[in-house]
Amino acid sequence: MSNTVYQVSNRSGVKAKKLRRDGIVPGVVYGREFKDSIPLEMSLSEANKLLKENTKTSIVKLEGLEKAVTAIVKEVQRNGATFLPEHIDFQAISLREVISVTVPLHILGEESLTHRRLLFQPNVQELILKGPAEDLPEKLEIDVTGLNFEDKVHLSALSIPEGIEVEAEEDVLLGVVLSAQMAEVDEDAEEPAEDSAEPKVIGEEE
């Protein structure tokens, strides 16, 4: 759980577009304890700090509403050009509440492959976990130290905390060790070939 408290306030009647121009990020918090969702706002600097310091599964504390709220970040809408946050959805939770969250996979030990001209090609980037909010890990780790060419890593190789369920096939393939050269060839094959001839325009005279 995050040790940092983040300041929010009840959203005024000002339109979201004007709030963003003034350096304010609109948002909303909802959950079982609320009859209706509560519109809120926070400064852009506070929003950036929150998103930088936490992951999708981090439990954060929001202050500035009628009472402090324990929540997770459920969704972030960002500006397509600047990538700055434009709207944040928070889900209020209790620490023992069972929830589902998406958790990233982090690869450890890649340097042990690199010097042998090998690399780990992930097949899955993240997994959905279900369990009590306070027991959910912020990430899952795959240790590829000592793996050899064509070795595969399946879900069963991961250390999943007790009481946490993985919402995936029983032993899904997470990735495989390839030679660096093979990976480069695969990337080249995915690039569309350039056609040197100019495309013919329908209706244009020969």
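Restricting attention to strands (runs of 3 or more DSSP E) lying wholly within the stretch 55-106, give those where 2 or more residues are touching a Lys or Arg at 6+ places or on another chain (Cβ under 9 Å) and not assigned by TED's automatic domain parsing to the domain that holds P122.
So the answer is 69-78, 85-92.
What's the number of the condition S156 fails, among (1) free of Cβ contacts under 8 Å to residues at least 24 places away in the same chain; (2) surrounded by 12 or more Cβ atoms within 10 Å (Cβ to Cβ)?
(2)
Does V103 count as farther than 23 Å from K56 by Cβ, out of contact with any helix residue (DSSP H, G or I) (no Cβ under 7 Å at 6 or more places or on another chain) and β-branched (V, I, T)?
No, not satisfied.
Show the residue pairs that are 6+ apart or on different chains and have beta-carbon atoms under 9 Å apart, the first residue being within the stretch 127-139 and buried (at least 16 other Cβ atoms within 10 Å of the Cβ), the second being among the basic types (K, R).
What qualifies is P132/R96; A133/R96; L136/K130; E138/K56.
For the stretch 28-50, what are the residues that are under 19 Å from G13 (Cα atoms) and of a type in the set (G, A, S)?
Correct list: S37, S43.
Which of the numbered conditions does E41 fail, given that it passes all the others? Conditions: (1) part of a loop (DSSP other than H, G, I, E, B); (2) closer than 22 Å to N79 by Cα; (3) acidic (D, E).
Only one criterion in (1) part of a loop (DSSP other than H, G, I, E, B); (2) closer than 22 Å to N79 by Cα; (3) acidic (D, E) is unmet by E41, namely (1).
Any residue at all in the stretch 3-24 that is of a type in the set (A, V, I, L, M), within 24 Å of G131 (Cβ to Cβ) and not assigned by TED's automatic domain parsing to the domain that holds L140?
The answer is no; no qualifying residue exists.
Go through (1) surrounded by fewer than 19 Cβ atoms within 10 Å (Cβ to Cβ); (2) outside any helix (DSSP H, G or I) for K49 and report which single condition fails.
The failed condition is (2).
How do the strands (runs of 3 or more DSSP E) wholly within the stretch 112-200 filter down when requiring 2 or more residues that are over 30 Å from Q91 (Cα atoms) and either in contact with a helix residue (DSSP H, G or I) (Cβ under 8 Å, 6 or more places away or on another chain) or at pLDDT below 95 (or both): which remain?
Filter on the stretch 112-200 gives 118-122, 173-179.
If only one of E66, E97 is touching a helix residue (DSSP H, G or I) at 6+ places or on another chain (Cβ under 7 Å) and modelled with pLDDT under 95, which one is it?
E97
Among the numbered criteria (1) over 19 Å from G131 (Cα atoms); (2) surrounded by fewer than 18 Cβ atoms within 10 Å (Cβ to Cβ), which single criterion is violated by E86?
(2)
Within the bounds of the stretch 108-120, is there any residue that is under 28 Å from K61 (Cβ atoms), outside the structural domain of I59 (by TED's automatic domain parsing) and loosely packed, with under 14 Cβ neighbours inside 10 Å?
Looking for residues that are under 28 Å from K61 (Cβ atoms), outside the structural domain of I59 (by TED's automatic domain parsing) and loosely packed, with under 14 Cβ neighbours inside 10 Å, one finds none in the stretch 108-120, hence no.
Six or more apart or on different chains, Cβ atoms under 8 Å: show the pairs whose first residue is in the stretch 49-73 and closer than 18 Å to T102 by Cβ and free of Cβ contacts under 8 Å to residues at least 24 places away in the same chain and whose second is of a type in the set (D, E) and surrounded by fewer than 18 Cβ atoms within 10 Å (Cβ to Cβ).
Matching pairs, first to second residue: V73/D89.
Might you check whether a residue that is among the charged types (D, E, K, R) and at pLDDT below 95 occurs anywhere in the stretch 80-89?
no
The values are calculated or read from the model by the stated rules, or taken from the named source; none is laboratory data. Predicted, not measured: the structure shown is a model, and the values here were computed from it. Using ideal geometry, Cβ is built from the backbone for each residue, glycine included, and neighbour counts are taken over all protein chains shown.
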